[in-house]
Amino acid sequence: MASTRFRSFDMLQPQSERRPWDDTDLDLLIRWWMWEPSVVVIAILLGRSTSAVQTMASRKGLPKRDIEPETHRRRWTEQECADYDAEKRRLRREDGRTPLIDLAHSLRKSLDTVAIHFLQEVGTTENFLRHAWLPEPPRLDERRQASRLECAPVDHRKTAMIRKCLTCGRGFWSEGAHIRRCPNCKAEDEGW
């Protein structure tokens, strides 16, 4: 992936050719979205624009993200920048990489906000990937198994999860067993 230099959030739309989403891309999108929904981080990891990530998340029927309106796209104060620098130094790993999720949580900011600030600081997506530390999100099956050990049995027919479409066979986000066709197949049948 070619590295792109960014000066502002609006520049986080790399000029690249449209390419189809493969199953690996979709798996990563869904896993990150369900674990830590950061459009910016997902876009960088997949080498896609933020609008492509948001569009595919919508097409897959992934839940909407909660965005705090008072902090969304607000300019950082000098104190917030100083806190960011101090926390970044405190959390930096031995390998020199910065754990962005921990940094976002300690600053009480969204991962998107911290990722944009970090991207502006390091300058390119290549440097972002080199200097940021992001853990591998758990596979959805692993997360489900871990939650099964912690609580009473759950009726999985009512559980939101990835299910295979009965028409095309591709995985999609389903809010319950009563939704068994992906949005694309449903739209085709309805004549959209």
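The values are calculated or read from the model by the stated rules, or taken from the named source; none is laboratory data. Worth saying up front: this structure is predicted, and the values here are computed from it rather than measured. Because the Cβ atoms are built from the backbone with ideal geometry, glycine has one as well, and the counts that use them run over all protein chains shown. Surface areas here come from the heavy atoms of the whole protein model, side chains and all, with no ligands, DNA or RNA. Shrake-Rupley method; radii C 1.70, N 1.55, O 1.52, S 1.80 Å.
The heavy atoms of Leu28 present about 40 square angstrom of accessible area, all protein chains included, probe 1.4 Å. Rounded to whole numbers, the Karplus 3J(HN,Hα) couplings from phi for the stretch 162-177 are 7, 10, 7, 5, 6, 8, 9, x, 7, x, 8, 7, 10, 6, x, 5 Hz, using 6.51 cos²θ - 1.76 cosθ + 1.60 with θ = phi - 60°, and x at Gly and Pro.
Put a dot 7 Å past the Cα of Glu175, heading toward its Cβ, do the same for Arg59, and the two dots end up 2.1 nm apart. Apolar share of the accessible surface for the stretch 23-129: 45 percent from carbon plus sulfur atoms, 1.4 Å probe.
Each residue was assigned an accessible area with a 1.4 Å probe, and for Thr167 the value is about 90 Å².
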